[in-house]
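Rule-based calculations on the coordinates, nothing more; no lab input. Every value quoted in this text rests on a predicted model; they were computed, and no experiment measured them. Every residue, glycine among them, receives a Cβ derived from its backbone with ideal geometry; neighbour counts consider all protein chains shown.
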Amino acid sequence: MSTTRATLVGLLAIVFWSAIVGLLRGVSSALGATGGAALVYTVASLLLLATVGPTRVRAMPRRYLAWGSLLFVAYEMCLALSIGYAHSHRQAIEVGMVNYLWPAMTMLFAILFNGQKARWTIVPGFALAILGICWVLGGDGGVDPAAMAANVHDNPLSYGLAFTGTLIWAGYCTITARYAKGQNGVTLFFMLTALALWAKYLIIGGETMRWSVEALVYLGLAAAAMGFGYAAWNVGLLHGNMTVLAGASYFIPVLSAALAALVLETPLSLAFWQGAALVCAGSILCWLATRRPARGAAGAS
């Protein structure tokens, strides 16, 4: 496969992932937060088995297998349940935006724990990302501490799960960079996530599943977005232009909000879009702060 075609496939993964918030919310509204998520990850696991293939467990470094699986499962559960437990579609989109603090958090963790070098622009980049989330949570008035507090107080579980998920995913990325040694455990990790969600559903219980044609469509689309998203990203990662893919991935917050608003038929205020843009800008600044400066022409080989 050519580099251009592989890059286009990788960009398709970004579109798939951007659709996940809206589609997961659609599934959870009909099939419940826990049961719906369990079904999504079950079907997505089957799709990954057919596309990416089974995980070569024996080839995986033990530290990556242990910590990677634990952190991946914990993050995916935080993501799915935070969206499923939201009190409204608008709140689900806000919760999804909190989740997109993970790029900035990942850069920060790489500096703190993996010795990643960074320029001073990491500070304003991280501050911009945090400001963007505050802008989103402040409602139509932008940054409003009282409105933010009331918003979070309305559903601390969803917002708490989303923020915890950003820390967990930053930890997962840090562990992967240090211990994975080129191995990809995504198929196994998805299967473990499905098992964990089914265990929660069977032991603790979940909402009643209201089956309909619409629920089946949401389930199929959400599972496809997850499964094919990771499969497409794998192609881009192996054969595409990672500079293009990495840069494009930082626009996921805006694209995700746009697709979720479309799928869930939920209008979003100007203040929300301003906050989403700040999250993107902050993430991009953090990314640029950790990139190595390009060599001059005289030094090029």
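What is the order of ARG119, ARG25, fewest Cβ neighbours within 10 Å to most? Present the calculation step by step, with values, prior to reporting the outcome.
Values: ARG119 13, ARG25 27.
Exposure proxy ranking, most exposed first: ARG119, ARG25.
Check every DSSP H run in the chain and write down those whose alpha carbon atoms cover 30 angstrom or more along the long axis and whose mean Kyte-Doolittle hydropathy is 0.0 or greater.
Values: long enough: 156-179 (34 Å, 0.64); 213-239 (38 Å, 1.24); 270-290 (31 Å, 1.58).
Correct list, ordered by number: 156-179, 213-239, 270-290.
Direction-averaged shadow area of the convex hull around the Cα atoms of the stretch 98-169, nm²? Don't jump to the answer; show the numbers that get you there.
Details: hull surface 20.3 nm².
That works out to 5.1 nm², a quarter of the Cα hull's surface.
Structure remark: mean-square fluctuation, Gaussian network model of the chain, C-alpha springs under 10 Å; the largest value among VAL213, VAL43, VAL57 belongs to VAL213.
GNM remark for the chain: springs join alpha carbons under 10 Å apart, and the peak mean-square fluctuation among GLY206, GLY125, GLY229 falls on GLY206. For the stretch 19-124, just say rounded, prolate or oblate: build the C-alpha gyration tensor, square-root its eigenvalues into a ≥ b ≥ c, call rounded for a/c under 1.5, and beyond that prolate if a/b exceeds b/c, oblate if not. Verdict is oblate for the stretch 19-124.
Starting from the stretch 196-270, pick out the GluC sites (Glu not before Pro) whose DSSP state is loop and whose Cβ has at most 14 other Cβ atoms within 10 Å.
GLU265
Please arrange LEU81, LEU65 by counting, for each residue, the other beta carbons lying within 10 Å of its beta carbon, fewest first.
Details: LEU81 23, LEU65 20.
Taking fewest neighbouring Cβ atoms as first place, the list is LEU65, LEU81.
Look at HIS153, HIS239 and count the other Cβ atoms within 10 Å of each Cβ; fewest to most, that gives HIS153, HIS239. Shape descriptor for the chain: Rg over Rh equals 0.96 (Cα atoms; Rh from the Kirkwood inverse mean 1/r).
Give the relative contact order (percent, whole number) for the stretch 3-293; include only Cα pairs under 8 Å separated by 6+ residues.
Working: 496 pairs, mean separation 129.2, N = 291.
Once divided by the residue count of the stretch 3-293, the mean separation gives 44 percent.
Run the dipole for the stretch 3-293 about the Cα centre, Lys and Arg Cβ at +1, Asp and Glu Cβ at -1, nothing else charged, and hand back the magnitude in debye, nearest 20.
Values: 15 positive and 8 negative charges, 276 e Å.
In debye, rounded to 20, the stretch 3-293 gives about 1320.
Taking only DSSP H segments of four or more residues, each worth -39500 (n - 2.57), what value at 222 nm results for the chain once the sum is divided by all its residues, to the nearest 500 deg cm²/dmol?
On the way: 14 runs with 222 residues, N = 301.
Here the helix-only value at 222 nm equals -24500 deg cm²/dmol.
GNM remark for the chain: springs join alpha carbons under 10 Å apart, and the peak mean-square fluctuation among ALA232, ALA33, ALA66 falls on ALA66.
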